[in-house]
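Structure record follows, encoded as structure tokens.
The values are calculated or read from the model by the stated rules, or taken from the named source; none is laboratory data. As the structure is a prediction and not an experimental result, all values here were calculated from the model. When we count neighbours, we look across all protein chains shown, and the Cβ atoms used for this are built from the backbone with ideal geometry, even at glycine. These area figures cover heavy atoms from the full protein model, side chains too; ligands, DNA and RNA do not enter into them. Shrake-Rupley method; radii C 1.70, N 1.55, O 1.52, S 1.80 Å.
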There are 2 protein chains.
Amino acid sequence: MAVICDISVSLDGFVAGPNQTLEQPLGEGGEGLHEWVVRLKSWRERHGMEGGETGPDAEVVEEGVQRAGATIMGRRMFSSGSGPWEDDPKANGWWGDEPPFRHPVFVLTHHAREPLELGETTFTFVTNGVETALEQARAAAGDKDVQVAGGANVVQQYLGAGLLDALEIHLVPVLLGGGVRLLDELEPSELELDRVVASPTVTHLRYRRA
Amino acid sequence: MAVICDISVSLDGFVAGPNQTLEQPLGEGGEGLHEWVVRLKSWRERHGMEGGETGPDAEVVEEGVQRAGATIMGRRMFSSGSGPWEDDPKANGWWGDEPPFRHPVFVLTHHAREPLELGETTFTFVTNGVETALEQARAAAGDKDVQVAGGANVVQQYLGAGLLDALEIHLVPVLLGGGVRLLDELEPSELELDRVVASPTVTHLRYRRA
């Protein structure tokens, strides 16, 4: 059981491009960070889609999916919104009636709300901080991993607090030129490279705390 | 013959830490970006030092050294200074009487100056921009590579102008938390991963223009 984050990052360090909107939640060019994954069989199956590629990239993704027993994410990643839920046009999240998680998801928010069940996924809204969310996620995950999904600010909080056991960066060879940085204003520290899997369209770099 | 840049970068994207001074030209923590290379036999030989490690990292460095026929760098990388040369305490650069380049070096500066010969290295000071410096470096390099050494601003100018054939990032698993970013505010673009060499202390990621 480990607390992990795996996330797609541009070569210039962004997890989303500039000018995020409801129509373009990943910002300008941000979709390009995920092209590698939507082509994969292991990702497509999880999202109810047919076909797709197998190979090393697909195995990396499949391993992460199999190991994850609970997910933590920020409110903005859940809905792109902020403020009271009644004003949020995506208050039930981005994933429709059958979200691909199929395990408990904990959403960090300042706005309390009853749990939301959609298909095989229950979203629990946590208002008292990253450590409480992690406690709940650990309990829910059992002997599986807790996946810190994003966004950048949430990853930074877990990384900064020393709570991440592993950080896997899917480094995509594009420059976005601006947007939301994954690693920004963190305390100086050392990590250790644990595994590299490389393909032409993405390099999977897994780090652990040194 | 290619125009290349290879440069050590922290996992959070910095080529130097915060608070650069003459005493600490790489900023706080910046020395940590180069620990991997000063241990290598191929680097130490070039700098007149004995011993050192062999292996994949050393081969990557040796290959770069052998292929480079000319180097381009910015004034700040050359001396850490700015403004008139007579006020610059490091006006003859950082490397003493025997700089390790042993091929022509072109220094981008706003302040004209006669060429400087130190040991087997001649430094030529170029005041009319990156393209002129590249022309001169190409002519000097013959059929060898032109190495764009840094700093970040100079690399950004060559990359942004589409003049770099290859960018090799030596990705070091440390977080510096601040400093000088290598890839900042560049135009959106795509690259292609050309080669990965990984060791526990550094990952060499070589990209080409897509």
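Of all the listed residues (A:149, A:140), the sole one being small (Gly, Ala, Ser), open to solvent by 10 Å² or more (accessible area, probe 1.4 Å), closer than 21 Å to residue A:7 by Cα and not in a loop (DSSP other than H, G, I, E, B) is A:149.
Suppose the filter is among the basic types (Lys, Arg), open to solvent by 60 Å² or more (accessible area, probe 1.4 Å) and within 30 Å of residue B:192 (Cα to Cα); does residue B:102 pass it?
Here the answer is no, as residue B:102 does not meet what is asked.
Yes or no: region A:35-50 includes at least one residue that is within 14 Å of chain B (Cβ to nearest Cβ), at negative phi and at pLDDT 95 or above. Yes - at least one qualifying residue is present in region A:35-50. Filtered by the rule that a residue be at the interface with chain B (Cβ under 10 Å from one of its Cβ atoms) and either in contact with a Pro (Cβ under 9 Å, 6 or more places away or on another chain) or surrounded by fewer than 19 Cβ atoms within 10 Å (Cβ to Cβ) (or both), region A:180-193 gives A:184, A:185, A:186, A:187, A:188, A:189, A:190, A:191, A:192, A:193. Residue selection: residue B:131 satisfies the criterion of being modelled with pLDDT of 95 or more and surrounded by fewer than 20 Cβ atoms within 10 Å (Cβ to Cβ).
For region B:152-167, filtered to residues that are open to solvent by 20 Å² or more (accessible area, probe 1.4 Å) and not in a loop (DSSP other than H, G, I, E, B), the residue that is farthest from residue B:1 (Cα to Cα) is B:153. Among the residues examined, residue B:77 does not qualify as within 22 Å of residue B:43 (Cβ to Cβ), touching a residue at least 60 places away in the same chain (Cβ under 8 Å) and in a strand (DSSP E or B). Residue A:190 passes every criterion in (1) over 18 Å from residue A:31 (Cβ atoms); (2) assigned to a loop (DSSP other than H, G, I, E, B) apart from (2).
Look at (1) over 22 Å from residue B:22 (Cα atoms); (2) touching a helix residue (DSSP H, G or I) at 6+ places or on another chain (Cβ under 7 Å); (3) open to solvent by less than 20 Å² (accessible area, probe 1.4 Å); (4) of a type in the set (Ser, Thr, Tyr) and you find that residue B:124 fails only one, number (3).
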